[in-house]
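I have placed the structure first, in the form of structure tokens, so that the comments after it can refer back to it.
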Amino acid sequence: MVIFLIVLTGCSHYAAREMSSERYLRRFLDAKENVYEDICVQMGSAYWDYYSQEGKADLATPRERFKELLMNDTLNRVVDTWYSRTALIRDSILRRRITVWHNMLTAAKVEMDPEIFDLRNRLELWLAETDDTLSIPSRNEMDSIMLRLMELRNARSKSLGFENFAEMVLEVSGIGAEWFYEFVQTIDRATAEPYAELLEELKRERGKSEIEARDIGKLFGLYYSANQGAAISVDKMDSMMKETIEGIGLEYSELNVEIVEQDLPGGIAGQSLAIRIPEDFKVVVVDDLSLYDRLHEVGHGAQYTFTTVGYPVLEGYEWCLGSDCGAYSEGMAETLARFARNDEWQKRRAGISDEDLIAQKEMLKKYMPLYLRYLLVNSMYEVLLYNDLARDHLEIWQTLDKKYLSLEGSTSRPIPFTNIIYVSYPVYVQNYLIAEVMSWQIHGTLKEKFGSGYAFDARVGGFLKEYLYSGGGLLPWQARLKKSTGRELDIKGYLSAGGLQVKE
Ligand SMILES: [Zn+2]
């Protein structure tokens, strides 16, 4: 009896202690997330100044503050301890917050390493070319600094148990390296033969023995613009954007989107910034940006504006690797953009004729293997690079061109090795390919639920809010997709819908 009592007391004592420590953890994270959000807002405002040129951008202060926050020993100890027993956390929101914090702190162990932090900052400054007083090193010097940055990123990631830096990024952003390789292979297998046949057809049509890189590039460009739907003239841009968004039942004014037309540095065409989620979202675009691309940026805004989750770490601020899944936020952006290539929308709003619509569809179907394989080259480049940094980067590009595009000797698009994307948004390019599939899948569900005129159905907005926007990062991205469409990312369905045979 006595023993029984002791055990019982012990148990309840243990439970009480756990309860109180969950309470402690909640308070601890609340405080940290207040600071985190404050820095996010400061960072967003600084980037707004940077892109809109409204004020002098101070990016250094919020960066230093992020470093101080994320490298804090107590925070790391608390998160590590709780992460190791995530399954024991009773509160599911708290469980998720710990997971996201753990992802961010893992990536910070790499990106906030003093030498990596310093090299990244220096490269960003040089590449932005906004400061005339700065002496910018030669391309060769920059390339060797870029290589040094990549080597350090790899070394730090390996010390944390990852295969390399690219795999670390894929893991902390919730994509997973293994899942991603399988995704790439599925596309590769389904498109290899149709692509080879397409090349033969092109050779016959053009009377050429070889199809060159620039031909492929041109066709990719044609596909890319056809994939944006009918062209819309600049003077109709604003009204059509508003009509499209209100047509699906989203209140345009609620989106709180501030659009500034402005030249952007580094060839960027549009940039959206969630400064304070959910109430402050801004977009900068170049003035000739297509309606599709504008809707893409505003689509980012819809995701953030209608987030009601309330925990800063789950709201999807984009400043720290691991804070959310980039593929998901690109998917949300593409989901809104995709209305501009909806059949009914193109007919009713853009006035496209039936013949033109058929021609557009035929074009897209014919060149889909080329389009996808071109994106595979881009998506795999950094992954392969980080896998073997001793290899020359142009040789890697050529290997990919040969594997996916059957190009011999010439490269499809020699992207400079030192590039702002690879410095500031490492291992991000694949997110656009994933977003293409995701938006196709979500539109499929909208059609099933609301009929073929769903682009004009005011219930659609409510659906998007409830299933895709409001929860923020409460659930992992695949779970969000499953909740809204009934299944995880359906690459096989996407390929089949494009007339491509999926091979096991
Ligand atoms: Zn985007």
Helix 2-52 sits off the longest principal axis of the Cα atoms of the chain, rounded to the nearest 10 on a 0 to 90 degree scale, by 40
Calculate how steeply helix 213-226 sits against the longest principal axis of the alpha-carbon atoms of the chain, using the helix alpha-carbon long axis, and give the answer as 0 to 90 degrees to the nearest 10. 80
Gain in length, Asp238 to Val260, computed as 0.36 nm per residue apart minus the alpha-carbon separation, to one decimal in nm? 6.7 nm
Calculated FRET value between Leu134 and Arg95, using beta carbons and R₀ = 45 Å, to 0.05: 0.50
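Could you tell me the relative contact order of region 76-195? Use alpha-carbon pairs under 8 Å, at least six residues apart, and round to a whole percent. Could the numbers behind the result be given before it?
Working: 60 pairs, mean separation 23.0, N = 120.
About 19 percent, as a whole number.
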For region 137-188 and region 440-470, what is the centre-to-centre distance using only Cα atoms, to the nearest Å? 35
On the accessible surface of region 364-461, probed at 1.4 Å with all protein chains in place, carbon and sulfur together account for a percent value of 53
Binned at 10 Å from zero, the C-alpha pair distances of region 36-130 give percents of 15, 37, 29, 15, 4
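If I stretch the segment between Met363 and Glu504 completely, what's the gain in nm (0.36 nm per residue apart, minus their alpha carbon distance), one decimal?
Working: separation 141, 0.36 × 141 = 50.76 nm, distance 2.69 nm.
Gain in length upon complete extension: 48.1 nm.
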Of all accessible surface on region 246-355 at a 1.4 Å probe, what whole percent is carbon and sulfur? 38
Run the quick spin-label model on Arg23 and Ser144: label points 7 Å from Cα toward the beta carbon, then report their separation in nm to one decimal. 6.1
Pop a pseudo-label 7 angstrom from the Cα along the beta-carbon direction at both Ser452 and Arg122 and give the gap in nm to one decimal. 6.1
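Kindly flag which residue pairs out of Lys242/Lys365; Lys56/Lys282; Lys282/Lys361; Lys366/Lys483; Lys32/Lys109 have an alpha-carbon separation exceeding 24 Å in this structure.
Details: Lys242/Lys365 30 Å; Lys56/Lys282 17 Å; Lys282/Lys361 34 Å; Lys366/Lys483 33 Å; Lys32/Lys109 17 Å.
In this structure, Lys242/Lys365; Lys282/Lys361; Lys366/Lys483 exceed 24 Å between Cα atoms.
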Got a sec? Which residues in region 446-463 would a label at Glu344 touch, if it sits 7 Å along Cα→Cβ and we count backbone N under 13 Å? 446-461
Work out the length of the dipole vector of the chain about its Cα centre, built from +1 on the beta-carbon of each Lys and Arg and -1 on the beta-carbon of each Asp and Glu, and round it to the nearest 20 debye. 1600
Chain lengthening between Lys203 and Val286 when straightened (0.36 nm per residue, less Cα-Cα): 26.1 nm
Quick one: helix 73-83 against the long Cα principal axis of the chain, what's the angle to the nearest 10°, folded into 0 to 90? 80
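Looking at the chain, send over the antiparallel percent of its DSSP beta bridges, to the nearest 5.
Working: 6 of 11 bridges.
The antiparallel fraction comes to roughly 55 percent.
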Provide Rg and Dmax in Å for the chain, with only Cα atoms included in the calculation. 24.2, 95
Please list, or write none, the lysines whose alpha carbon is within less than 16 Å of the alpha carbon of Lys482, excluding same-chain residues fewer than 8 places away. Lys449, Lys465, Lys492
Expressed in nanometres to one decimal, the distance between label points 7 Å along Cα→Cβ at Glu210 and Val35 is 6.0
Only loop residues by DSSP count here, and only those with at most 14 other Cβ atoms within 10 Å; note down the trypsin sites (Lys or Arg not before Pro) in region 178-219 that meet that. Lys208
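Over region 28-504, what is the relative contact order in whole percent, taking alpha-carbon pairs under 8 Å and six or more residues apart?
Working: 630 pairs, mean separation 102.7, N = 477.
Across region 28-504, relative contact order equals 22 percent.
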Using a 1.4 Å probe and ignoring any ligands, DNA or RNA, find the accessible area of Lys365 and quote it in Å² to the nearest 10. 130
Might you tell me the accessible area per residue for the chain, computed with a 1.4 Å probe and given in Å²? 45
Rounded to the nearest whole number, the Stokes-Einstein translational diffusion coefficient of region 332-459 at 25 °C and 0.890 mPa s (Kirkwood radius, C-alpha pairs) in µm²/s is 142
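The values are calculated or read from the model by the stated rules, or taken from the named source; none is laboratory data. In this text the structure is predicted, and so the values were computed from the model without any measurement. For neighbour counting, all protein chains shown are included, and Cβ atoms are generated from backbone atoms with ideal geometry for every residue, glycine included. Accessible surface is based on the protein model in full, side chains and every heavy atom, while ligands, DNA and RNA are left aside. Shrake-Rupley method; radii C 1.70, N 1.55, O 1.52, S 1.80 Å.
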